[in-house]
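Right, one structure below, let's go through it.
The values are calculated or read from the model by the stated rules, or taken from the named source; none is laboratory data. Bear in mind the structure is a predicted one, so any value in this text is a computation, not a measurement. As a convention, Cβ positions derive from the backbone with ideal geometry for all residues, glycine included, and neighbour counts pool all protein chains shown.
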Amino acid sequence: METLFFLIITFVAIISAILVVTCKNPINSALSLIMTFFCLATYYVMLDAPFMAAVQVMVYAGAIMVLMVFTIMLLNIRVDASKKHSHKVVFSLIIGFFTFVNLAYVLFKSRVAVATGPYSADMIKQVGHTELIGKEMFTNFLLPFEITSILLLVAIVGAVILAKKKI
Amino acid sequence: MGIEILGLPMMYYIAMVAKVLVAFVFVLLTVAYATYAERKIIGHMQVRLGPMRTGWHGLLQPIADGVKLFFKEEIIPSQASTFAFLVAPLIALIPAFITFAVIPFGGVIEVAGYKIPLQIAAYYDTAAGQVYDINVGVLYILAMSSLGVYGIVLAGWASNSKYSLMGGLRASAQMISYELAAGLAIISVFMLSGTLSLNKIVALQSGFGGFEWYLFKQPLAAFMFFICSLAEINRTPFDLPEAETELVSGFCTEYSSMKYAMFFMAEYANMVTVCALTTTLFLGGWNGPLTAAFPLLGPVYFIAKVYFLMFVCMWIRATLPRYRYDQLMHLGWKVFIPVALVNIVVTGIIGYFV
């Protein structure tokens, strides 16, 4: 059952990922990208990480892509359907081939790590995924969390300074 | 009950399908008759009668409206981008309905020896003897409601008309900013409950005959969440994306026939969702007297509370004039978000000492 479900989702994910790069209209590309993010969220659910799935949809599909769509709409990119863009086919083929070789090497040569740590699927189900992430984030990973907060604060201040004409 | 499919009893599948069908049909009917109720209530508030001609006191009006919209001509503007234009009503409608999957509308009922929790995305584990539901229910609702904005933005952009584009841009700015405020407002509820599962949040509010409701512990949060949600779903007094006096009909100016009806249904379904979520988070969900003895009373209390909140929405619409756009943004960013943040800090301090 789960395998069948996985195959259906993967099919949709791959089709929409292909559509992202082949669509002529940037808005349609953006829509396909949202669909891909949605499929990724489904994978998180299947990996017993519902919190990650919700955050994936909220942040990527719900916030970041809205900004992207906004930008596309405001720039009003209208595409000439007649014009064909060849993005240097030979060059990209070479790069694509080497990326494939690289990934295949990593996949076939690496082993699944033996030491899995204290987290198992049963434990996540018992304690709750959100609780575990919260606890780790505010105890063991407090410093990275604070640094990220400062980074965001700097970005907000920067945005305000850029947007305001008179401060 | 001997038949098993893929390790789950047959009853499980029957219960799931039945729950989905009942909830979906019920929401559809509520949406249809909410339009009638709204016209009738606003009519009586303005000393008019509202619809009277179709059936007894206009009771068949929603059906007549539906038939009219079905048979209207379908127009797609020649300069519109067709794909986005066609897909936008669907994107608006589906998230509005899909959120009902996690809202609990009753306790556990027993049918032919099999216990069924009245919440679509939940099941009763006989071995553990308790109900399991999706443990990030509220986040799921927030995620789905953040997708609803695409329908409106795309509709505005794809129509290739000035009014639609203005409506779409206004809608996206408004929905993003109020989503933030609504999300911050309910954080203080989670600080009290310690869980994101809607089933457990309802269970926590069951004591003391209604005085355990989070409405009494977090009145500010309840008030802010309800108002921000009204703004997020573009209800009056925040219906700027379709301000008739300025923008004709906003983002759905170019839509006709069933596609227009889909936006309309999405708006009312969103209203039902917001009222159901407010009921679940602040008004004790399906809790009420005698629910332990008669489990079927749960849905009755739930529906009564949801309908009361929907009446409040219509009441607000009949009473308040529309906000101006800059006032709306000012209210969202400079009033609601700081107040919600202060509320979180105060809840944290009180929670630490009590």
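For the subset of segment B:76-118 comprising residues that are under 27 Å from the mean Cα position of the chain (by Cα), small (Gly, Ala, Ser) and assigned to a loop (DSSP other than H, G, I, E, B), which member is farthest from residue A:23 (Cα to Cα)? This residue is B:107.
Determine if segment B:142-149 includes at least one residue that is assigned to a loop (DSSP other than H, G, I, E, B) and β-branched (Val, Ile, Thr).
Scanning segment B:142-149, I find no residue that is assigned to a loop (DSSP other than H, G, I, E, B) and β-branched (Val, Ile, Thr), so the answer is no.
Here residue B:211 meets each of (1) touching a residue at least 24 places away in the same chain (Cβ under 8 Å); (2) among the aromatic types (Phe, Trp, Tyr); (3) farther than 17 Å from residue B:335 by Cβ with one exception, condition (1).
Set side by side, the residues B:203, B:173, B:101, B:181 differ, and just one is of a type in the set (Gly, Ala, Ser) and within 12 Å of another protein chain (Cβ to nearest Cβ), which is B:173. Has segment B:125-136 got at least one residue that is within 11 Å of another protein chain (Cβ to nearest Cβ) and either touching a Leu at 6+ places or on another chain (Cβ under 6 Å) or part of a helix (DSSP H, G or I) (or both)? For segment B:125-136, residues within 11 Å of another protein chain (Cβ to nearest Cβ) and either touching a Leu at 6+ places or on another chain (Cβ under 6 Å) or part of a helix (DSSP H, G or I) (or both): present.
If you check A:51, A:5 for being more than 12 Å from the chain's Cα centre (by Cα), part of a helix (DSSP H, G or I) and in contact (Cβ under 8 Å) with a residue 60 or more places away in the chain, only one passes: A:51. Within segment A:66-118, being of a type in the set (S, T, N, Q) and at pLDDT below 70 holds for A:76, A:82, A:86, A:116. Counting only residues that are under 14 Å from residue B:282 (Cα atoms) and among the hydrophobic types (A, V, I, L, M, F, W, C), which one in segment B:156-195 is surrounded by the most Cβ atoms within 10 Å (Cβ to Cβ)? If we take residues in segment B:156-195 being under 14 Å from residue B:282 (Cα atoms) and among the hydrophobic types (A, V, I, L, M, F, W, C), then B:185 is surrounded by the most Cβ atoms within 10 Å (Cβ to Cβ).
Just one of (1) within 14 Å of another protein chain (Cβ to nearest Cβ); (2) at positive phi fails for residue B:165. It is (2).
Results for (1) among the basic types (Lys, Arg); (2) in a helix (DSSP H, G or I); (3) under 18 Å from residue B:151 (Cα atoms), shown as yes or no for each residue.
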site	(1), (2), (3)
B:254	no, no, yes
B:271	no, yes, yes
B:277	no, yes, no
B:281	no, yes, no
B:293	no, no, no
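Taking the criterion of being in contact (Cβ under 8 Å) with a residue 12 or more places away in the chain, within 13 Å of another protein chain (Cβ to nearest Cβ) and among the polar types (S, T, N, Q), the residues of segment A:17-39 that qualify are A:25, A:32. When residue B:308 is tested against the conditions (1) surrounded by fewer than 22 Cβ atoms within 10 Å (Cβ to Cβ); (2) at pLDDT below 90, the lone failure is (2). Any chance segment B:202-211 includes a residue that's at pLDDT 80 or above, part of a helix (DSSP H, G or I), farther than 22 Å from residue B:143 by Cα and not aromatic (Phe, Trp, Tyr)? Yes.
Please go through segment B:39-75 and give me each residue that is of a type in the set (Val, Ile, Thr) and more than 24 Å from the chain's Cα centre (by Cα), ordered by number.
Answer for segment B:39-75, where residues must be of a type in the set (Val, Ile, Thr) and more than 24 Å from the chain's Cα centre (by Cα): B:47, B:54, B:67, B:75.
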